[in-house]
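For reference, the structure discussed in these notes is given below.
The values are calculated or read from the model by the stated rules, or taken from the named source; none is laboratory data. Please read these numbers as outputs of a predicted model, since none were measured by experiment. Reconstructed Cβ throughout: ideal geometry from the backbone, glycine too, with neighbour counts over all protein chains shown. Areas reflect the complete protein model, heavy atoms only, side chains present, ligands, DNA and RNA absent. Shrake-Rupley method; radii C 1.70, N 1.55, O 1.52, S 1.80 Å.
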Amino acid sequence: MDEQEYQKQVNFVLARLKEERQKANMSQIELSFAAGLSQNQVNCIESGRNIPNLYTLIKICNALKIRPEILFSTPNEEREKARNEIISLVKRYI
């Protein structure tokens, strides 16, 4: 993977992180308290100035109450996965 593709994927994950924070109706400061980080850290991560390590990313996901894989998938993939899970549950009880 070249540097450009790597940066594109990092930007995608960081943008998803921000989307999930906003979807949870949390401010950066609320997320920072919940994750045990500074507001500056959260701001730097969301703006792409810092790339979080795995430990920090998991702390953020726990604070947002989401699974880490959510950050690596598109909303359409999430909807399709949820749809398939619902169909599977319905079929199980029919």
Taking the stretch 45-94 on its own, how many of its residues are open to solvent by 30 Å² or more (accessible area, probe 1.4 Å), at pLDDT 90 or above and either among the hydroxyl-bearing types (Ser, Thr, Tyr) or touching a strand residue (DSSP E or B) at 6+ places or on another chain (Cβ under 6 Å) (or both)? 2
Take the stretch 34-63 and flag every residue that is farther than 16 Å from residue 20 by Cα and polar (S, T, N, Q). 38, 39, 40, 41, 50, 53
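Quick one: would you say residue 31 is in a helix (DSSP H, G or I), open to solvent by less than 30 Å² (accessible area, probe 1.4 Å), without any contact (Cβ under 8 Å) to a residue 60 or more places away in the chain and not acidic (Asp, Glu)? Please lay out each step first, then the result.
Numbers: in a helix (DSSP H, G or I): yes; open to solvent by less than 30 Å² (accessible area, probe 1.4 Å): yes; without any contact (Cβ under 8 Å) to a residue 60 or more places away in the chain: yes; not acidic (Asp, Glu): yes.
In short, yes.
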Would you check which residues across the stretch 18-45 are closer than 11 Å to residue 63 by Cβ and of a type outside the set (Gly, Ala, Ser) and list them? 20, 21, 26, 30, 31, 33, 37, 42
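For the stretch 40-94, enumerate the residues that are among the β-branched types (Val, Ile, Thr), in contact (Cβ under 8 Å) with a residue 40 or more places away in the chain, within 15 Å of residue 10 (Cα to Cα) and assigned to a helix (DSSP H, G or I).
Taking the stretch 40-94 first, the residues among the β-branched types (Val, Ile, Thr) are 42, 45, 51, 56, 58, 60, 66, 70, 74, 86-87, 90, 94.
In the following step, the residues that additionally are in contact (Cβ under 8 Å) with a residue 40 or more places away in the chain were identified as 51, 60, 66, 70.
Those still in the list that are within 15 Å of residue 10 (Cα to Cα) too: 51, 70.
If the condition is that a residue be among the β-branched types (Val, Ile, Thr), in contact (Cβ under 8 Å) with a residue 40 or more places away in the chain, within 15 Å of residue 10 (Cα to Cα) and assigned to a helix (DSSP H, G or I), then 70 is the only one that fits.
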